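Just so it is clear, none of the values below were taken in a lab; they were calculated from the coordinates. None of the values given here were measured: they were computed from a predicted structure. Methodologically, a virtual Cβ is constructed for each residue, glycine included, from the backbone with ideal geometry; neighbour enumeration extends over all protein chains shown.
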Amino acid sequence: MWALYLPSHIWLYGSLFLPFMILVRWGGANWRGLRWLTRGRKRWILIWGSYGSVKVIALATLLWARYFPEDVPFDLLGWTGLAVRSALFALHVRIDSLSAAYLLVASLSAIAEAAIHCWLAAIAWWVFEWTTQETSTHRGRVATQRYGVALLLSACLIGIANNLNFWRPVACYDCFRPHGVPFTFFHEGGFAGGEGFVWSGVIGDSLVVFLFAVVLGRVWNWLFQKRLIVHGITL
């Protein structure tokens, strides 16, 4: 199940953080106070990757100081921590020492979060560069890239809806609480456990994201073609 924990985290987290990154990238292009962050693509990606790593390390340190030596709640490390623990279990990695196990999970989670933030930062950089230089790019390539941006927008919108669904008030702490919009793709177990992914919901939500992106991309390209015709430009 670890193979789904991490993509779910990337989707839910990225749907909120990617628009914020693009906004910061725009601010760096227009405000002098943020230009130190956007002086180069490598610098941009490195800064965000460092942020992701430091964020996990800080959280892991706070949890360690709060709960050790009684018990350390690995689940509070988030979806990345769940993915790392599931992967170690699948690989039959057993560590008897709680301290060593927590250090390993926290370290691997920090590396994973750094990689995720670097990837999101690269996407944010590309989206901003594409939207600001679209007119100078080959039009056939731009038409294809619009579908890529439409897919990102679709994933973000559905992801935001699912984040709101996750944050809804808890009515029962010992119930199988479903999560997912428009289809349930994950359900929590009660005190006895039993949480897991719902495959039909995973496939259904993926299809919704894809189909909405196709419709959005087609409408976008149609509006662009119509604007060219109005201005007397033919491809």
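General observations
- Cα pair distances exceeding 23 angstrom across the range 1-132, given as percent: 40 percent
- Computed [θ] at 222 nm, helices only, for the chain once each DSSP H run of length n ≥ 4 contributes -39500 (n - 2.57): -25000 deg cm²/dmol
- For Lys55, Lys42, the sequence from fewest to most other C-beta atoms within 10 Å is Lys42, Lys55.
- Taken along the Cα-to-beta-carbon direction at a fixed 7 Å, the label points for Leu103 and Ala122 span 3.1 nm.
- Tail beyond 23 Å, pair distance distribution of the chain (Cα, percent): 60 percent
- Modelled spin labels at Leu76 and Arg94, positioned 7 Å past Cα toward Cβ, are 2.8 nm from each other.
- The phi-based Karplus calculation (6.51 cos²θ - 1.76 cosθ + 1.60; θ = phi - 60°) puts the 3J(HN,Hα) values of the range 15-21 at 5, 9, 7, 4, x, 5, 4 Hz, whole numbers, x for Gly and Pro.
- Karplus 3J(HN,Hα) series, Hz, for the range 113-128 with 6.51 cos²θ - 1.76 cosθ + 1.60 (x for Gly, Pro): 5, 4, 5, 4, 5, 4, 5, 5, 5, 5, 5, 4, 4, 5, 4, 5
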